[in-house]
Structure formats: C-alpha cells, structure tokens
C-alpha cells in the first residue's frame, strides 16, 4: 500500500452554492489528510493546460468559461490509495449517473457543473499537483489521529 497525494478542485459550482465546508468534511471524515489548500482565480492559460486533453471537444471553451466564473478552492489530499479513495468519494463525472452518497451524486445534476475535479490516476495527480502547488505550499505533518486511521502495517 502506498501513501499517495491527489488534487481536488472545488469548482465554481461548489463555491457559488456554499458547499466548500461540506465537500472538505467528506474527505476529512474518510481519513484523508489535507496537506495543501488555497483559493485561486484560474486563468485561461492554466485552464487550457489543465484541460488540454479536451481541447478538441465542442464543450472545451464552455468548460473553461465555467471555471472562470469565480475563484476555486484547490486542495491536496494525502493517504493510502488517496487517488482511488477520492475518486470513490467524488463519484462518476456525469453527476446524473453518480451514486447517492457520493459528492456528485448528492450535490449535482450536471456533467460539467459537477462540484469537483479530482485527479484520475497517480500519474495525473503528480502532474496536476505541480501545476497548482509549489512544493513549499504542501505541508508534511503527522496528524495526531493517524494511528486510528490505519493498521500499523498499512503505512
């Protein structure tokens, strides 16, 4: 088992609807460790880089415009299998298909306005974290309750 880091962006739909605390608390309650967080206003340049894999899609510009409506909250979460755990908590991209109990299943009806972005693999998470955080913005510390989250041989 590997301790991983992953990126979560609370999108403008989360900010506008006042869901920041609720979304963050879901990750905290699961036992993930928040090691970096900031609020930023995304630029067209960074969004073009971030969504480069979607640039040929018809919705590319609409997606970028949506992400610039207001600032977003960017988080780095850490834990054993963090990428998979976060993706499970978040739910599938199309919120209409997301299961109840997931963030998207509980708070969204849209494919685009789906409350959060979450890295979909360890490799992607590493690239995305470097895009949005300087290393000095990520904090390594031992949460007091860490021993209650994992068995001694899981870390």
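FYI, it's all coordinate maths here, none of it is from the lab. As the structure is a computational prediction, the values presented were derived from the model and not from experiment. Heads up, the Cβs are rebuilt from the backbone with ideal geometry, glycines too, and the neighbour counts pull from every protein chain shown.
Given all pairs of different Cα atoms, what value in angstroms does the Kirkwood hydrodynamic radius of region 101-155 take?
About 14.6 Å for region 101-155.
Take peptides 117-125, 72-80 and line them up by average Cβ neighbours within 10 Å, highest first, as a rough protection proxy.
Taking the mean over residues of other Cβ atoms within 10 Å, the ranking is 72-80, 117-125.
Considering Cα pairs under 8 angstrom that are at least six residues apart, work out the relative contact order of region 56-155 and quote it in whole percent.
Dividing the mean separation by the residue count of region 56-155 yields 20 percent.
Using a simple spin-label model with points 7 Å from Cα along the Cα→Cβ vector, what separation in nm is obtained for residue 97 and residue 70?
So the two model labels end up 2.9 nm from each other.
Report, in deg cm²/dmol and to the nearest 500, the calculated mean residue ellipticity at 222 nm for the chain, where each DSSP H run with n ≥ 4 adds -39500 (n - 2.57) and the sum is divided by the residue count.
One gets -10000 deg cm²/dmol as the mean residue ellipticity at 222 nm.
If we sort 4-13, 46-55 on the protection proxy, mean other Cβ atoms within 10 Å, highest first, what's the order?
Sorting 4-13, 46-55 by mean packing, highest first, produces 4-13, 46-55.
Treat each spin label as a single point 7 Å out from the Cα along the C-beta direction, and report the residue 56 to residue 138 distance in nm.
3.1
So how far apart, in nm, are the two label points at residue 120 and residue 43 if each is 7 Å from Cα heading toward Cβ?
Distance between label points: 2.7 nm.
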